[in-house]
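Asker: Below is the structure I would like to discuss, written out as structure tokens.
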Protein chains: 2
Amino acid sequence: MKEAIVVTINSIPELFDELVAATATMMPETRAFPGCIEAHMLLAPERHEMVIFQIWENSEAQNAYLTWRAERGDFERLTEFIEDEQIFRTYTLG
Amino acid sequence: MKEAIVVTINSIPELFDELVAATATMMPETRAFPGCIEAHMLLAPERHEMVIFQIWENSEAQNAYLTWRAERGDFERLTEFIEDEQIFRTYTLG
């Protein structure tokens, strides 16, 4: 079953552009990861808010991707730009 | 510039399936609307939560669609299934 991830991130206001730039470099890797159907970066600069939206072939592919990112420390690298906790949610595609 | 809509909807718990069914009938119309690039329904039944995710060619197409839905009363028809206010947010595509 296809799975979607929605991650909502509020940046430290003056670091919004840097968060976007750092995330943008990760997108081609995400899209190339086995099982990734699509991945988008959604921006609301006026709210200093970024949403990462991804669709995966199944939950195994999604979990393999998240493990890979975590092991590389990629999520940790982003925390310096972030104001609050990220809101991370998963869904099945209806 | 491409625009995305993310609508987060929490249903009245026992009406989740009905909300999903009512929304599912709207999806083909949304996808066929001029300027719609993609539209998805994301489901988290365990949280009674549904997310509508859409990408539009530009904000004009997005606004034309929202006006069309509002004039038909389609959003109003869904309110009977919904617990809290919908969270409606728009983004530009990064």
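Asker: Exactly one of these conditions fails for B:A44: (1) crowded, with 17+ Cβ neighbours inside 10 Å; (2) within 14 Å of the chain's Cα centre (by Cα); (3) within 14 Å of another protein chain (Cβ to nearest Cβ). Give me its number.
Answerer: Condition not satisfied by B:A44: (2).
Asker: Within the stretch B:6-44, can you find the residues that are within 24 Å of A:L42 (Cα to Cα) and free of Cβ contacts under 8 Å to residues at least 12 places away in the same chain?
Answerer: Of everything in the stretch B:6-44, those that are within 24 Å of A:L42 (Cα to Cα) and free of Cβ contacts under 8 Å to residues at least 12 places away in the same chain turn out to be B:P28, B:E29, B:R31, B:A32, B:L42, B:A44.
Asker: Among the residues of the stretch B:80-94, which ones are within 14 Å of another protein chain (Cβ to nearest Cβ) and without any contact (Cβ under 8 Å) to a residue 24 or more places away in the chain?
Answerer: Answer for the stretch B:80-94, where residues must be within 14 Å of another protein chain (Cβ to nearest Cβ) and without any contact (Cβ under 8 Å) to a residue 24 or more places away in the chain: just B:G94.
Asker: Okay, next question. When the stretch B:68-94 is examined, which residues are found to be over 18 Å from B:C36 (Cβ atoms) and of a type in the set (K, R)?
Answerer: Once the filter is applied, which keeps residues that are over 18 Å from B:C36 (Cβ atoms) and of a type in the set (K, R), the stretch B:68-94 yields only B:R77.
Asker: If I filter the stretch A:74-88 down to residues being among the aliphatic types (A, V, I, L, M) and either surrounded by 15 or more Cβ atoms within 10 Å (Cβ to Cβ) or in contact with a Lys or Arg (Cβ under 9 Å, 6 or more places away or on another chain) (or both), which single residue comes out as nearest to A:H48 (Cα to Cα)?
Answerer: The selected residue is A:I82.
Asker: Now, a different point. Go through chain A and tell me which strands (runs of 3 or more DSSP E), entirely inside it, have 2 or more residues that are among the small types (G, A, S) and under 29 Å from B:A24 (Cβ atoms).
Answerer: Per the criteria, A:36-44.
Asker: Something else: Could you check, for the stretch B:8-15, whether at least one of its residues is in contact with a Lys or Arg (Cβ under 9 Å, 6 or more places away or on another chain), under 19 Å from B:G73 (Cα atoms), modelled with pLDDT of 95 or more and crowded, with 18+ Cβ neighbours inside 10 Å?
Answerer: Checked against the condition, which is being in contact with a Lys or Arg (Cβ under 9 Å, 6 or more places away or on another chain), under 19 Å from B:G73 (Cα atoms), modelled with pLDDT of 95 or more and crowded, with 18+ Cβ neighbours inside 10 Å, the stretch B:8-15 yields at least one hit.
Asker: Just to check your reading of the model, which residue among B:R72, B:R77, B:R31 is basic (K, R), away from chain A (no Cβ under 12 Å) and closer than 27 Å to A:N58 by Cβ?
Answerer: After applying the criteria, what remains is B:R31.
Asker: Exactly one condition in (1) within 13 Å of chain B (Cβ to nearest Cβ); (2) touching a residue at least 60 places away in the same chain (Cβ under 8 Å) is not met by A:F53; state its number.
Answerer: Tallying (1) within 13 Å of chain B (Cβ to nearest Cβ); (2) touching a residue at least 60 places away in the same chain (Cβ under 8 Å), A:F53 fails exactly one: (2).
Asker: On to the next question. Looking at the stretch A:56-65, which of its residues are more than 26 Å from B:I37 (Cβ to Cβ) and in contact (Cβ under 8 Å) with a residue 24 or more places away in the chain?
Answerer: A:E60, A:A64
One line per residue, one yes/no per condition, for (1) farther than 24 Å from B:I5 by Cβ; (2) under 12 Å from the mean Cα position of the chain (by Cα); (3) charged (D, E, K, R):
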residue	(1), (2), (3)
A:V6	no, yes, no
A:I9	no, yes, no
A:F33	yes, no, no
A:A64	yes, no, no
A:W68	yes, no, no
A:F75	yes, yes, no
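Asker: So is A:E46 of a type in the set (D, E) and at pLDDT 95 or above or not?
Answerer: yes
Asker: Restrict the check to the stretch B:64-73 and report whether at least one residue is closer than 30 Å to A:A21 by Cα and among the hydrophobic types (A, V, I, L, M, F, W, C).
Answerer: no
The values are calculated or read from the model by the stated rules, or taken from the named source; none is laboratory data. These numbers were taken from a predicted model, which means no experiment stands behind them. A quick note on method: Cβ atoms are made from the backbone with ideal geometry, for glycine too, and the neighbour counts reach across all protein chains shown.
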